[in-house]
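Coordinate-derived values only; no laboratory data. Bear in mind the structure is a predicted one, so any value in this text is a computation, not a measurement. Heads up, the Cβs are rebuilt from the backbone with ideal geometry, glycines too, and the neighbour counts pull from every protein chain shown.
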Amino acid sequence: MRRHALASIAACFTLAACSSRAPRETAHVPASWRYANVAPPVVAEHAMVVSEHPIASRIGADVMQRGGNSIDAAVAVSFTLAVVHPRAGNIGGGGFLVYRAASGEVAALDYRETAPAAATRDMFLDSAGNLTERSVIGPLAAGVPGVVAGLAAMHARYGHLPWRDLVIPAVELARQGFVVDSVRALTYAEQAPKLRRFPYTASLYLPGGQPPAPGDTLRQPDLARTLQLIADSGAPSFYGGRVADLIVAQMRRSGGLITHADLAAYRAKWREPIQGSYRGWGIISMPPSSSGGVTLVEILNILEGYRRLPPFGSAALIHLETEAMRRAFTDRNRHLGDPDFVEMPIARLTSKVYAAQLQRSIARSRATPSAELPAAIDSRETTHFSIVDPEGNAVAVTTTPNSFFGSKVAVTGAGFVLNNTMDDFAATPGAPNQFGLVQGEVNAIAPGKRPLSAMTPTIVTDPHGHLALVLGSPGGPRIISAVCQVISNVIDHGMTLAQAVSAPRIHHQGLPDSLLWEQGGLPPEARRELEAMGHQFHQHPETLGDVSAIRVTKSGLEGVADPRRGGGAAGN
Ligand code: DON
């Protein structure tokens, strides 16, 4: 692993000084921005993994050093994240893969959770019709997990090394333990009150009743046994063997819905990726059941209508980005759902003609209230990793149990938590979910259906058709806006990848009609101008997303882990 030459230069956002590309502007990043000192990327010649945990990235890079390809590395990284980053890495949740082979072949794998057969449209409402917390916490929140089936499906189609070899590093980490770092220790402490509501869950992540401190070793013997079974017998052990028995027993004990039949019926599904373009660069991203690719392409298409975007950090730029996001998210919430259940106007939503129509409705200096947007067409905790292997095959995977530690219900004896992805459905169409998303009928609960996701694993090719960027993020709906801004920062603002990832971000999702920003990242004068245009500022989340990204440069691969949440890059 070599450090880039930039390490010796005082890192900064003044593009004239730092960018390898021709400078076009000086980015306006306030001095108060906590990530103003941009860390240099990790640079490698052959292969690169960027994930939200340095141990997982190292294991992925080692797999490729042993002759594995990017899919082999993805399988190993995913299982490792389930051990070392269990708030988000998981085997009890679901995920999405976007893949681009060096040959140019593209593929997308949907291993999103499905609603159990016994799920009903109003299952999260009380007798008075009010939404309960049961879609977020407890056994009913869990959809049928897709991760193990997804990893097995991608390995069966593209894997090179034996499956067992890819699972064993995670088995060993679970059995022998790993050292908890300060970022993860904070999460265990913050989540402790919720984890304590479920004694077995607490026994996994609060050994001795207390959250592990930085430097403590966390061992997970039950998870090690589960992973060993998966290593030895593959996905059937999860969907039909001992693990399935433990999941169903947990459901019976605690009042959940998942049955043996639900597990046996689960299938990961190959889908056609969403493909778009932005100023001549190619965009390859996730189709429904994730809204990520459609919404990303719709936002970028609207922005492309402006020949040149205003400077980074200006009110004028934030206004245009906000208006594009507002329109694309409104369409997302109205039109998108599980493709196996609903018809969607995807070709229209991703067309340049439709984007031009939306762009014409954006006033240069006035916010459009989301409530005024016409129906234009008839009809907390995720993790992302990016991989490029020595052949140039690229993998973008985003996976989640949804919230931190999912439903908080762990499968007794099996050592892992189940997701709370049922909350991604519109439990009451028209009422907000935990991310404030107000979604429609198309995303109502139905047996066997996949809830609409915002996960946006994305691959970008340059105007010559060569692999350029691999990226994605956690953050619920904020994933889409984070991915969009990093792409625009590189293409429109000439930032290096490290600058593009560190730069402050904004987010708008239509409803609530509120412009989110990161503390210290919005210049005060820009905020004043935006308020004068009618933009509303209610809350500022700590951070917006956590991007794990790779850029292909002439001199090799640059890996950038977002400074926001303690990720890491590893290459060789
Ligand atoms: O699929 C989705 O859109 C959500 N389940 C993602 C949740 C998430 O990213 C939470 N992470 N911070």
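Some values worked out for this structure:
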read-out	value
Karplus-derived 3J(HN,Hα), 6.51/-1.76/1.60, for each residue of region 169-177, Hz, glycine and proline x	x, 6, 4, 5, 5, 5, 6, 7, x
Residues whose placed amide H lies under 5 Å from that of TYR278, excluding near-sequence neighbours	ILE283
Nitroxide proxy distance, nm - points 7 Å out along Cα→Cβ at GLU272 and SER233	3.9
Only Lys, Arg (+1) and Asp, Glu (-1) charged, at Cβ; region 373-444 dipole about Cα centre in debye	320
Estimated vicinal HN-Hα couplings, Hz - region 492-506 in sequence order (Karplus 6.51, -1.76, 1.60; Gly, Pro = x)	8, 10, x, 7, 5, 4, 4, 5, 4, 7, 6, 4, x, 10, 10
Expected 222 nm ellipticity per residue - DSSP helices of 4 or more, -39500 (n - 2.57), all of the chain, to 500	-10000 deg cm²/dmol
Cβ-placed point charges (K, R +1; D, E -1), dipole of region 45-167 about Cα centre in debye, nearest 20	140
Label-point separation, THR217 to ARG279 (7 Å along Cα→Cβ), nm	5.1
For region 387-537, convex hull volume per residue from C-alpha positions, Å³	188
Peptides ranked, highest mean first, by Cβ atoms within 10 Å: ranges 158-168, 133-143	133-143, 158-168
Binned Cα-Cα distances of region 359-452, short to long, each 10 Å bin given as a whole percent	12, 27, 27, 24, 8, 1
Percentage relative contact order, region 408-453, counting C-alpha pairs under 8 Å, at least six apart	29
Å³ per residue enclosed by the Cα convex hull of the chain	134
Positive-end residue of THR259, LEU530, ALA231, charge dipole of the chain with Cβ unit charges	LEU530
Positive-end extreme of charge dipole, region 193-349 - chosen from PRO199, SER314, SER289 (charges on Cβ)	PRO199
Inter-centroid distance (Cα atoms) of region 527-572 relative to region 326-365, Å	24
Most to least packed among 73-79, 464-470 [average Cβ atoms within 10 Å]	73-79, 464-470
Average Cα contact separation per residue, region 225-358, under 8 Å, 6 or more apart, as relative contact order %	18
Cβ charges +1 (Lys, Arg) and -1 (Asp, Glu), total dipole of the chain, debye	320
Efficiency of FRET from Cβ geometry, ALA117 and ALA431, R₀ 22 Å, rounded to 0.05	0.35
Taking ARG307, ARG326, ARG271 and counting other C-beta atoms within 10 Å, the order from fewest to most	ARG307, ARG271, ARG326
Gain upon complete extension [ALA128, ARG197; 0.36 nm per residue less C-alpha separation]	22.3 nm
Gained length - ARG252 relative to ALA189, 0.36 nm times residue gap less alpha-carbon distance	19.7 nm
Sequence ranges 438-445, 525-532, 290-297, ranked by mean other-Cβ count within 10 angstrom, highest first	290-297, 438-445, 525-532
Kirkwood Rh in Å, taken over region 436-487 so that all alpha-carbon pairs contribute	13.2
Fewest-first sequence of ARG279, ARG334 by Cβ atoms within 10 Å of each Cβ	ARG279, ARG334
Gyration tensor verdict on region 38-82 (Cα atoms; rounded if a/c is under 1.5, prolate if a/b is larger than b/c, oblate otherwise)	oblate
Nitroxide proxy distance, nm - points 7 Å out along Cα→Cβ at SER103 and ALA363	5.4
Linear extension gain, GLN210 paired with GLN176, 0.36 nm per residue minus alpha-carbon span	10.3 nm
